[in-house]
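Have a look at the structure below, then the notes.
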Amino acid sequence: MRTWAQWMFVVAAVGCSYRPARFHDRPPIRDAHDDRPIAIPRKSAFVEAFYLSDVFLRRPVVDALDAERFPHALDVNALDEVPRSSWFSPVALEVGAFEKQYAADGPPRGRAQIEARGGHFVLTDARGKVYRLIGDHPTLPQVDTSAALIASRLVRALGYLTPETWWVEPSALGVPRTAGPASERWVAVRWPVGVPLGATDMTYQRDDDPNDRIPHRDRRTLRALGVLAAWLDLRELGPSRLVDAYVGLPGRGHVRHFVVGLHDALGAGALGPTTASRSVAGPVEGDALSNLLSLGLARPPARGARPERSLRAFRAQVDARYELGHPYEPVDRLLPSDGYWLAKRMVQIPASLIQRVVREARFSEASLERHVVRALEARRRTLASYWFSRVTPCEVEALSGRTLIVVDQALAAGLEGAGDTRYVVSFLGDDGNELTPPRTVLPALAEVEIPIPELERDYVVVRVTAIRRGTPAPRAMEAHLKSEGSNLKWVGVRH
Amino acid sequence: MGALLVAPHAAAEPATDVTGVAREASEPGDPARRFANVLLFVPRATTEIVFITTGTAAGLIEEEQVVPRIDDMLNPGEGEVRIFPTAFMETGSSLNVGARVIGRADTVATTARIGYGGEHDQVAESRLRFAFRTPVPLALSLEALHDERSSNGYLGLGQEPETDARNRFRPGAPSRAASYRELRERFITGAGFRPAADTELFVSSSLTRRHLFDPPSGGDTLSEVFEPGSVPGANGTVRTVYSELALRVDTRATRAGPAPGFLFESYAGRGAGIGASSHDFVRVGGRVAGFFQLFHPGNVLSPKLVLDGLAPTDGPIPFVELPRQPDFRGFDTRRDYVSAVASLDYRWAIARHLAARAFADVATVAPRVRALGFDALRYDAGFGFDVYSRSAPLGSIAVSGSPDGEKLILYFGVSSSFGDRQHRS
C-alpha cells in the first residue's frame, strides 16, 4: 500500500510542470497536398440507429473513461493556421474577388432539363452541369431559398467547401415552372459536384482514401464547425451536413469534403414543417430534468407553427456555447485555439461582403434584409468576443531584429479597448523553465512590441498573456523562436 | 459522368505531418492523466466491445422477420461478410464471449454466432433468411441452435411450489430449489408475411432436443431435491416437434419510442414428443396491450396482459416445455400449465430519443385457466430509461425490485420484438 502511495506521489509530482511544444526549424506547411489521385472510394453507409447509439450511448461512456487531454488540432501548421487542403480552401474576401472565386461553375446556363430523382428535382444545364433545385415551403416564403443563398456564400467565405448556390429563373433556362419545386422562387445548388460518397465520418479518416491521414475528430476544420453553426444558427452538423465527394475522373481524382444542406441555416431548419426534426414521440419540449421529475405531465405543449414565418426568426442574440441538436464529436473536442481560429476568420469577412451576400437573397422587404445583416453582425461579434476571450488573441506580425511585433486581434477588431489591456510577457526555454522574470508591456493601438533579450539558448518561447481589466486570459499565446547565431528565426505559434 | 470535374493533379505527396511539431507540449497533470488512462483501459475497452457486440449491429440480426427496413441495418453489401465479437452476461451466469458473422447476398442474409462462457456454457447458432418485398413483404428463415447452460433453476410447479402438492420434495432435501444443466439443440423453420401495414402473420415449425443433466458443480440437483421420477423430463432427453401459427396486429406508429396504439398477438401450436419422448400438447396464448396518450404525445400509459397456456393431450409433459414468464421483469422462476402476467407501464419522453419508464408487473401461474386467481400474486416494480432512434430501440437500462430481490436490466441494441414467437417459449 505504501509503495502504491509512493508511486502516486511520483506521478503527481512529475505532472506538475509545464513544458512547451518544440517546433521543427522548417517553413510552415501551406498546402496539405491531400489531392493526390486515388481510386474512387466506397460510399459510406449511414444507418441512423448506429449513429444515434454511437453519439448518445457509446461515446459519452467511452469519453468519460478517457482521461487524456484532447490533443491540439492535427491539421494546423506551425503558425497555428489551417493549410489549404481538401477540407479548407480560403478565398479572397474583397467583394469582387470573392464573387469571382465563388463562381467556379457559375449558375446554370443555356437550355436546361429538369427531372425528379431520389425525391429531388435535378436540373442539368446546357453544359451538362448538374444542380439540385430547392424551393420555399408554401407557408414559409423566402426562407429556405434565402438561407441557402446567404449561408452558402458565408460558409465559402470562411474557407470551407460548399456547393455553389444560384438563383434560377425557369424561363431563362427554357423550363416550365411546373417542372420544378412548387415555389415562387427556386435556387439551384451545384450538387453533386462529383461522385457522392456519403456522410463524412465524424471520428476517423476514410480507410480507403490514402490522402485522408488525420482523424477527423482532431481536425480544426471540423471542431470549429461548432462556432460556424452558432453564427449561422445551423442546428445540426453530422451526417446531414458534411459529405464527401470524389472529384475528378475515376482514378485521377480525389476526395473533397463539403458542407451541405445550408437551406436549414439562419434558423430556417427550426421554422418549418419541411425540415423540422422530431423524435418519434413528436417534438419534445422542456428540459430533460423537468420532464423526468414531472413524469412528462408539466411539459410545455408542443409548439405549433411559430408565429414568425420569415428569417426575422434569425435572432441577433446567440449563446456563445451554442448547443447542437445532436452531439458532434469534433465539436465536443473543440479547444479554445480552434474556436479562436474560426472567430478570427469570421471577423475578417468585411461588412461589405456580408451586406452584398444578404442582398443576393432578394428579400421583398428591405427591413428583412436589414434584420438579417444586423443579426449576422451581432452574432459574429458575440461569438468573436467570447472566443477571443478564451485565448490571448495575438498574431505575430513581424520579427524585426530582436523585436517581436504581435497584433492583438481583439483590439484590431474593436472588441476590446487598448486602455483596458496589458500583457505579461515571459521567456521560456524549451524545457519550460523561465529564463527571465516576466515583464509587462502595453499595446500601441493594436500592436505590441516585445524586445527579445539576449539569452544563451538556441530555442526560446515568448509567452504572452493578455490581461484585460485586471483579469488574465485563460491561455497564453506562444511565439517559438530559434536562434541562428545572433539572429532569431520565428518557427512556430500556439494559442 | 457529366457531373465529374477534372481535378488538378497534385504532384506532391500528402503532408504526413502538417503541424511542424517536433515534440508536443506537456501540461501539468499529463502524466497523472496517462496513468489514469492505463487504469481505465479495461473498462473503456470493455465498453467498446459491449457496445459493438450487443449493440445495434448484432442486436438487429435478431429482428429477422418481415421488416424490410432492417435491410438497411443488415447491409454488408453484396457478397460481403461482416464479423462482430459478441459478449453477454446473464444473472447467475459467467461472461460469455464469442463472435458473430453476418453475410448478405441479394435476398439472402445469413448469420452465425458462437459464444463461450465456460466448459458447460456455450452457444452456437446459425440463421439463414430469404426476404422478398413484393408482392407482399415476406421472409423465410431457417435456423439451427446449439447451446449449453450449466446453471438453470427449477422450483417445481405452481405459484407457491413449496406448498404445491404436485411437487414431491424429497424428505430432508437440502433445498427446495433445484438446479440443472441443459444442453439444447433446436432447428426452426419459419415464414412470415405482412398482409397489411399493421398485421403480420407467422408460421413456424421447430425440432428441439434437450438433454437435462445435473449441474457440473453438483449440489441441489433435481434428483436431490425432488423424488426420483416425479419431475418429467429430469435427467433425460426430451425431443419435441412443435408447429405454430401466430398473428400480430400492432397499430403503433413506431415500436421504438412512446407512441399510442394497440397491440394484439395470438398464437396456437401443437407439440409432440418424438423418439423416446411420448408427450403431446397444444400451446395457446396471446397478449393484448393498449398504449394510451396521457395529455402529451410523448406520454404513454400502457396496460398489458399476457396469457400463455399448455394443454397436455398425451403423456406427462416435460417440465422444460411448460410456460415460463419472460414478460415478468422480476425473477422468472415459476412454471405451470397456465401463466398470466399483467403489466402497467408508463413511458414518457424526456428528451429527443430518450424516454423514462416506470413499470409494475404482477404474475401468477396455475394448473388450469379457471384456477388462475389473485392469491399469492408475485409482483415487481421498476424504473428505467430507454434510448431509441426513429425506427428502432437502441438501448435500455432499468432496475426492478420484487420480494425476491433487485434486478438490473441492461441492454445495448435492439430487442427481438419481431423475432418469430417461438423464441419466447
Open item on the list: Please determine whether any residue of region B:135-144 is surrounded by fewer than 18 Cβ atoms within 10 Å (Cβ to Cβ) and either free of Cβ contacts under 8 Å to residues at least 24 places away in the same chain or in contact with a Pro (Cβ under 9 Å, 6 or more places away or on another chain) (or both).
Closed with: yes
Task: Test result for residue B:243, under 25 Å from residue B:367 (Cα atoms), open to solvent by 10 Å² or more (accessible area, probe 1.4 Å) and in a loop (DSSP other than H, G, I, E, B) - done: no
Open item on the list: Tell me yes or no: at least one residue of region A:143-153 is in a loop (DSSP other than H, G, I, E, B), open to solvent by less than 40 Å² (accessible area, probe 1.4 Å) and out of contact with any His (no Cβ under 9 Å at 6 or more places or on another chain).
Closed with: no
Open item on the list: I'd like to know if region A:56-70 contains one or more residues that are touching a residue at least 40 places away in the same chain (Cβ under 8 Å), within 8 Å of chain B (Cβ to nearest Cβ) and over 25 Å from residue A:194 (Cβ atoms).
Closed with: yes
Open item on the list: Just to be sure I understand, how many residues within region B:321-360 are in contact (Cβ under 8 Å) with a residue 12 or more places away in the chain, in a loop (DSSP other than H, G, I, E, B) and within 14 Å of chain A (Cβ to nearest Cβ)?
Closed with: 1
Open item on the list: Go through region B:272-292 and report how many residues are out of contact with any Lys or Arg (no Cβ under 6 Å at 6 or more places or on another chain) and surrounded by fewer than 15 Cβ atoms within 10 Å (Cβ to Cβ).
Closed with: 3
TODO: Return a yes/no flag: does region B:226-249 have any residue that is among the charged types (D, E, K, R) and within 21 Å of the chain's Cα centre (by Cα).
DONE: yes
TODO: Answer yes if at least one residue in region B:294-312 is in a loop (DSSP other than H, G, I, E, B), more than 13 Å from chain A (Cβ to nearest Cβ) and under 22 Å from the mean Cα position of the chain (by Cα), and no otherwise.
DONE: no
TODO: Identify all residues within region B:252-275 that are touching a residue at least 24 places away in the same chain (Cβ under 8 Å) and within 14 Å of chain A (Cβ to nearest Cβ); write none if there are none.
DONE: B:252, B:254, B:255, B:256, B:257, B:258, B:259, B:260, B:261
TODO: Residue by residue through region A:462-473, note down the ones that are open to solvent by 70 Å² or more (accessible area, probe 1.4 Å) and in contact with a helix residue (DSSP H, G or I) (Cβ under 7 Å, 6 or more places away or on another chain).
DONE: A:469
Task: Selection status of residue B:281, hydrophobic (A, V, I, L, M, F, W, C) and over 23 Å from the mean Cα position of the chain (by Cα) - done: yes
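The values are calculated or read from the model by the stated rules, or taken from the named source; none is laboratory data. Computed from a predicted structure; not experimentally measured. Every residue, glycine among them, receives a Cβ derived from its backbone with ideal geometry; neighbour counts consider all protein chains shown. Accessible surface areas use protein heavy atoms only, side chains included; no ligands, DNA or RNA. Shrake-Rupley method; radii C 1.70, N 1.55, O 1.52, S 1.80 Å.
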